[in-house]
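Undergrad: Below you will find the structure I want to go over with you.
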Amino acid sequence: MKNLISSLFPILALVLFISCGNADDDVNFDINQRELGQGENPDACLGFDENELLLSIQNQTTSLPGKVSILFKVSETNGNPISGLTADQFTIYEQGRNDDCFNTISASESLARISPNSQVFNNSTLLVLDLSNSVLQGSLDELKTAASSFVENVIPTPETESFQMAIYWFDGEDELHLLNPLTTSAEELTTSINEITEDISNDPSTDLYGAVIKSTDIAEDLVETNGTNSIVRAASVVLFTDGTDQASRFTEQAALRAVNDANPNISFFTIGLGAEIDVDVLSDIGKTASVFAGNKEELEATFNQISQRVSEQANSFYLFEYCTPKRDGSGENNLVIQLTDGGLQGAVQTKFRADGFTGGCE
């Protein structure tokens, strides 16, 4: 996790966009992994302390008769995702054109809720397994058990279309082999894992850097399809290996460049096994989190550690919805959402229009 920690301090980079006299102060929160979202710091009139939690707005919409919907990601200032939040931890503040500062909106009267985000959010996990000769001959059974446990932990129950996983594998060939395409079915994935045999590979070498580059390209394609609709997409690449790159088709620099230049909504995790891995390289590739097993008996525990981090990352996206009392369609209203989690707090400010809003709300 050293890269996760290395950029603790430059937490918020505020970029002010002003065009044609429009006071549209959208700001990019530049979290440590470049996870961009829209929003700005709350108005000083609210007197909030400095953010200890970061709310990064990914998407927002309004719908009649008066609903405001905001999809955002929550993390600590060091980038660690925050999952498991409930609606009662959020406070809503609104400011109309006649308000000097913000008014608190009753969470109960506004029917504030955390809604299933399947309509506006999609998360894909790519599990990438090293099936070179050393794994197939030395730790295949343990890997199959660990990978199956990972699938069971990451795929939610009940299954939902917004959470999918695919499994790929690599050896020494210049190819990232597909074991199982994207699916919401944990049973389908575990069946594919259990069908791996020792003769699946004909190349005893290890094209580690090629696997990193190719899996990043696949994740990029999954995330970039966001441009075709209003769904926000995130992806996680989880790569397992028990060694170093031996094929020498691609350089370490090329692999790290692919990771570091990847879409901000792609997370990278690595799992290393044994004494022949390069911990520094795997830590750099797994810039979100990396874990290492000293022997094959520890493999399932390390996979479970990463499965928890992958789940937390995916579940740190929240669709917060409430019914606003605003009815004025002649201009924009300011909105602040404040979160408290234990002794920590964070808040983000944005704007919305209430065009055509009436009483009642779904």
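Undergrad: Please give the solvent-accessible surface of residue 277 in Å², to the nearest 10, using a probe radius of 1.4 Å with every protein chain present.
TA: Spelled out: residue 277, probe radius 1.4 Å, area about 20 Å².
Undergrad: Contact order normalised by length for segment 225-362, with contacts defined as Cα pairs under 8 Å and 6 or more residues apart; what percent is it?
TA: 17
Undergrad: Roughly how many Å² of residue 292 are accessible to a 1.4 Å probe, to the nearest 10?
TA: 70
Undergrad: Let me ask something additional. Please give the Cα centre distance for segment 110-141 versus segment 285-362, rounded to the nearest Å.
TA: 18
Undergrad: Can you compute the charge dipole magnitude of the chain about its Cα centre, using +1 on each Lys and Arg Cβ and -1 on each Asp and Glu Cβ, nothing else charged? Give it in debye, rounded to the nearest 20.
TA: Result for the chain is approximately 1140 debye, rounded to the nearest 20.
Undergrad: Mind checking which of 133, 45, 153 is farthest towards the positive end of the chain's charge dipole, using Cβ charges of +1 (Lys, Arg) and -1 (Asp, Glu) about the Cα centre?
TA: Going by the Cα projections, it comes out as 45.
Undergrad: Can you give the relative contact order of segment 119-219 as a percent, counting alpha carbon pairs under 8 Å and 6+ residues apart?
TA: Details: 152 pairs, mean separation 36.0, N = 101.
That works out to 36 percent.
Undergrad: DSSP loop (so not H, G, I, E, B), at most 12 other Cβ within 10 Å: list which GluC sites (Glu not before Pro) in segment 168-222 pass both filters.
TA: Listed in order of number, the matching sites are 195, 198.
Undergrad: Report residue 323's accessible area, 1.4 Å probe, all protein chains in place, as a number in Å² to the nearest 10.
TA: Using a 1.4 Å probe on the heavy atoms, I get roughly 20 Å².
Undergrad: Compute the relative contact order of the chain as a whole-number percentage, counting only Cα pairs closer than 8 Å that sit 6 or more residues apart in sequence.
TA: Value for the chain: 25 percent.
The values are calculated or read from the model by the stated rules, or taken from the named source; none is laboratory data. Bear in mind that the values here come from a model prediction, so they are computed numbers and not experimental data. Because the Cβ atoms are built from the backbone with ideal geometry, glycine has one as well, and the counts that use them run over all protein chains shown. Just so you know, the surface numbers come from the protein's heavy atoms only, side chains and all, with ligands and any DNA or RNA stripped out. Shrake-Rupley method; radii C 1.70, N 1.55, O 1.52, S 1.80 Å.
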